[in-house]
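Presented below is the structure to which this report refers.
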Amino acid sequence: MRKGVKPLEDILSLDLTDEQKYFYRQKGFLSIPRITTDEEIAWLKTIYDKLFVDRTGEEKGLFYDLAGPRGHDGREELPQVLGPDISIPELRESIYYKNAKRLSRQLLALNQEVHVGGHMIYKPAKYGAETPWHQDEAYWNPEVFSNGLSIWMPLDSVTKASGCMQFIPGSHKGDVKWHRHINDNPLVHGLMTDDVDSSKAIACPLQPGGATFHHTRTLHYTAPNTTDNPRRAYILVCSGPEKKRDKPAYRPWQEEERQAMKAAKIDVEYL
Ligand code: NI
């Protein structure tokens, strides 16, 4: 058993300490060395690779390049699969899923079940693109106050050079910043903000099966993958009940994308 690997019974009853919860509240992120087992990571890798080879759900808008314009015919530099559990419902029974829900409830201080969504972002070896600085809430429904967080788990060992998560501590305490589409092209789904002091970034290298948690507003980034190994990440988003805003938040980049998609006659079920 690898050093630092907990026995299965410990993984099935993971709890966060008060120090970890306090760290998350103060910094807006948290890194833990283990959220699932090596066996499950091996199983997830086979599922993951097949979803990307098959370009699962492409016709519905569930597979695309996050760093390139929709429908481009070159190689994908940051391919993404949305909602992998739609085609593989067994993912919802995984230890990862169960622990993501359990630990999210602890971080969000919720007693009830959380809603879970998921996506997978792949950074191919040597040329996988960066995911520029952004806050996840910039993508989300402007009509509500979000009450969620993202859990990011690598299936490969990750460093800054392969695209581990980097965070700006405390950035979750501010509002959603001004975002724009990568390359200022609204057909690129990926968003970025220029309003960030990256000298404050904290990188979170991890072994496969470790995980980071981040608040909906925490600024985060992953570098291009310059290594010889792929960087496979599986992200879950867990949310508690949302509160409707009196007036929607101003996030015009979302409408720009809808208009650009319409003009390009790209009609997908999931935007
Ligand atoms: Ni993000």
For region 147-204, what is one quarter of the convex hull surface built on the Cα atoms, given in nm²? 5.6
With 5 Å bins from 0: P(r) over region 55-111, alpha-carbon pairs, percent: 4, 17, 18, 14, 14, 14, 12, 5, 2, 0
Using protein chains only and a probe of 1.4 angstrom, how many square angstrom of Leu8 are accessible, to the nearest 10? 90
With runs of 4+ DSSP H residues as the only contributors, calculate the mean residue ellipticity of the chain at 222 nm using -39,500 (n - 2.57) per run, divided by the residue total and rounded to the nearest 500. -6500 deg cm²/dmol
In the structure shown, do any of Lys101/Lys160; Lys50/Lys98; Lys101/Lys173; Lys27/Lys243; Lys126/Lys265 have a Cα-Cα gap over 25 Å, and if so which? Lys101/Lys160; Lys126/Lys265
Give the whole-number value, in cubic angstrom per residue, of the convex hull volume spanned by the C-alpha atoms of region 75-144. 155
The chain: relative contact order from alpha carbon pairs under 8 Å, six or more residues apart, as a whole percent, is 28
Which one of Gln166, Leu44, Gln106 has its Cα pushed farthest toward the positive end of the charge dipole of region 44-168, where Lys and Arg give +1 and Asp and Glu give -1 at the Cβ? Gln106
Per-q log10 I(q)/I(0), the chain, q = 0.07, 0.10, 0.14, 0.16 Å⁻¹ (Debye; single scatterer per alpha-carbon; no solvent): -0.23, -0.48, -1.01, -1.38
Kirkwood Rh, angstrom, region 187-271 [1 / mean 1/r, Cα pairs]: 17.0
Anyone know which of Glu137, Glu77, Glu58 comes out most mobile in the 10 Å Cα GNM of the chain? Glu58
Which of the aspartates and glutamates could be linked to Lys177 by a straight reach, that is with a Cα gap under 15 Å, when you skip same-chain ones fewer than 8 residues away? Asp136, Glu137, Asp194, Asp195, Asp197
Taking square-rooted eigenvalues a ≥ b ≥ c of the alpha carbon gyration tensor, is region 101-249 rounded, prolate or oblate, where a/c under 1.5 means rounded and, failing that, a/b exceeding b/c means prolate? oblate
Can you list the trypsin sites (Lys or Arg not before Pro) in region 46-111 that are in a DSSP coil and have 16 or fewer other beta carbons within 10 angstrom? Arg55, Arg75
So if the hydrodynamic radius of region 17-115 is defined as the Kirkwood radius over C-alpha pairs, what does Stokes-Einstein give as its diffusion coefficient at 4 °C and 1.567 mPa s, in µm² per second? 81
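The values are calculated or read from the model by the stated rules, or taken from the named source; none is laboratory data. Small disclaimer: the values here were computed from a predicted structure and weren't measured. No Cβ is skipped: glycine too gets one built from the backbone with ideal geometry, and neighbour counts run over all protein chains shown. Areas reflect the complete protein model, heavy atoms only, side chains present, ligands, DNA and RNA absent. Shrake-Rupley method; radii C 1.70, N 1.55, O 1.52, S 1.80 Å.
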